[in-house]
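The values are calculated or read from the model by the stated rules, or taken from the named source; none is laboratory data. Remember, predicted model here, so these are calculated numbers, not experimental data. Positions of Cβ are backbone-derived with ideal geometry, glycine not excepted, and every protein chain shown enters the neighbour counts. Calculation scope for accessible area: heavy atoms of the full protein, side chains included, ligands and nucleic acids excluded. Shrake-Rupley method; radii C 1.70, N 1.55, O 1.52, S 1.80 Å.
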Amino acid sequence: MSFADLGLSDELLKAVTDAGYTEPTPIQASAIPSVLMMRDLIGIAQTGTGKTAAFVLPMIDILSHGRSRARMPRSLILEPTRELAAQVAENFEKYGAGTKLSMALLIGGVSMGDQIKALEKGVDVLIATPGRLMDLFGRGNILLTGCSMLVIDEADRMLDMGFIPDIEEICTKLPKQRQTLLFSATMPPPIKKLADKFLDNPKMIEVSRPASTNLNIKQFLVPVSGNAMKKREALRQLLGQDEVRNAIIFCNRKTTVRELNKSLKKHGFKAGEIHGDMEQAQRIAELDLFKDGKINILVASDVAARGLDIKGVSHVFNFDAPWHPDDYVHRIGRTGRGGATGIAYTLITSEDAENIQNIEKLTGQKIDRLDLGAAAEAETPAATAASEEPRRGRRDRTTRGEGRRDRSARAPVAEAAPEVVEAPAAVEEPRRQPRQERRPEPEFAPPPRRDIRPDGGRRPRRDERDDGPDDGWNGPIPEFLKAVIGG
Ligand code: AMP
């Protein structure tokens, strides 16, 4: 199937060709004709499948007819995080270059005054995180009665972040006669309930999860003692392999991200960090250093696992085994992108047995164990002699490149590892265990609060969330937004 078969306008076909896409991804092929026919839709798909273009492209065609009115956006896209909202805005900028559609991005951190001015002018597309949207709605700056298209993106992420009550409220402010598209990587019961309540006879589209079919990623579990020092040693040993061009290292906690980054730098690695406590501008700066190759290691919390599209990442490390199997899929999906090969190592301790079981159940794939001790024994005598040199001395007298040559004398660990078992084409297992089973509840019984999720799970506190809502956008304002807000 080609893009020309999907019913898109000539302008959009040109935009797609300009973007370098030769054929639609499965979700685009299934979703675009239905969206153009104004049907409601549930897309079970995650980032990396091309789902953004699956809704942005037909939206541009639909909205290109008609005019916007002050304070009455014609369409609304809800995103859980500022990064994803900005990425969707970039997509509109890219594909909608030939149209006169106006957009506004409502995310925390940008002056409300500028956003209100943009809304006053009238916008065709409003891209928002729920928190800021509710704020502006509460102040009477937005009327949603003219909004005939709603996209709820990353719905399961919204659930994790406690946004479902806000979304329900937003849905009630929109006209009943509208088109609603809902995208989610998984369909836990609260999302199903939301869909049943607010979507009308939706078409269901499910695309297989990239990691379940991406055989380009070799995966290994590396058993280590739970001791932080030992874990870091194991990590440094793996990072020392010659084939590690660059790597994203995921940790479960922000404090671990900070400490590990500090430790890696102390050991001479060119490392940086990204997590939810950082200002947006800092996050973008670190990402840019990584993308430009000025650092080749990025220590990250899960905030970086979703949505961010960084090409050419050779390795992903899970310094901590993720608590939720979905996060594993998202994390390792940062490598092996666009047909490239990638390697993912997960350091595991005796406490991770259940997490790993859940991951293997989700992906339908048994992950091979890599014994670092056995790999070390395979080292050549010359290499062993080199490795007995004081580590600091070696690093101090070498540049990073020379250090790499040093390390290449050792037997590459991956060579000692067995091949990965092939994954089945699709995963039929239930994908997510209810989160409350794994997150321990507080020992006391708190009174009913707004931070209790409808499914009974506790909504994470702001300081527990890595990408809490609307803490501040300080990053570069997209070009189209500058035009809209005059910034
Ligand atoms: P998404 O799932 O929307 O985050 O998209 C993931 C990546 O796929 C982005 O870098 C898109 O630019 C890219 N992409 C989207 N559609 C296509 C396509 N039809 N062909 C090739 N790449 C695409």
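Here is how the numbers come out for the structure above:
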read-out	value
Failed criterion for residue 40 (all others in (1) buried (at least 23 other Cβ atoms within 10 Å of the Cβ); (2) more than 16 Å from the ligand (Cβ to nearest atom) hold)	(1)
Condition met for residue 237 (in contact with a helix residue (DSSP H, G or I) (Cβ under 7 Å, 6 or more places away or on another chain), surrounded by fewer than 21 Cβ atoms within 10 Å (Cβ to Cβ) and within 30 Å of residue 299 (Cα to Cα))	yes
Lone unmet requirement of (1) in a helix (DSSP H, G or I); (2) within 16 Å of the ligand (Cβ to nearest atom); (3) not aliphatic (A, V, I, L, M) for residue 34	(2)
Strands (runs of 3 or more DSSP E) wholly inside the stretch 207-326 containing at least 2 residues that are modelled with pLDDT of 85 or more and more than 30 Å from residue 188 (Cα to Cα)	217-223, 271-274, 297-300
Check on residue 32, at pLDDT 95 or above and of a type outside the set (S, T, N, Q)	yes
Filtered residue count, the stretch 47-81, keeping only those that are of a type outside the set (Val, Ile, Thr) and either open to solvent by 10 Å² or more (accessible area, probe 1.4 Å) or assigned by TED's automatic domain parsing to the domain that holds residue 274 (or both)	13
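So that you can scan it fast, the table gives a plain yes or no per residue for (1) within 26 Å of residue 167 (Cβ to Cβ); (2) of a type in the set (A, V, I, L, M, F, W, C); (3) over 24 Å from the mean Cα position of the chain (by Cα); (4) away from the ligand (no atom under 11 Å from the Cβ):
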residue	(1), (2), (3), (4)
3	no, yes, yes, no
9	no, no, yes, yes
14	no, no, yes, yes
19	no, yes, no, no
26	no, no, no, no
46	yes, no, no, no
55	yes, yes, no, no
62	yes, yes, yes, yes
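Conditions tested, residue by residue: (1) β-branched (Val, Ile, Thr); (2) buried (at least 22 other Cβ atoms within 10 Å of the Cβ).
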| residue | (1), (2) |
| --- | --- |
| 91 | no, no |
| 120 | no, no |
| 127 | yes, yes |
| 133 | no, yes |
| 136 | no, no |
| 141 | no, no |
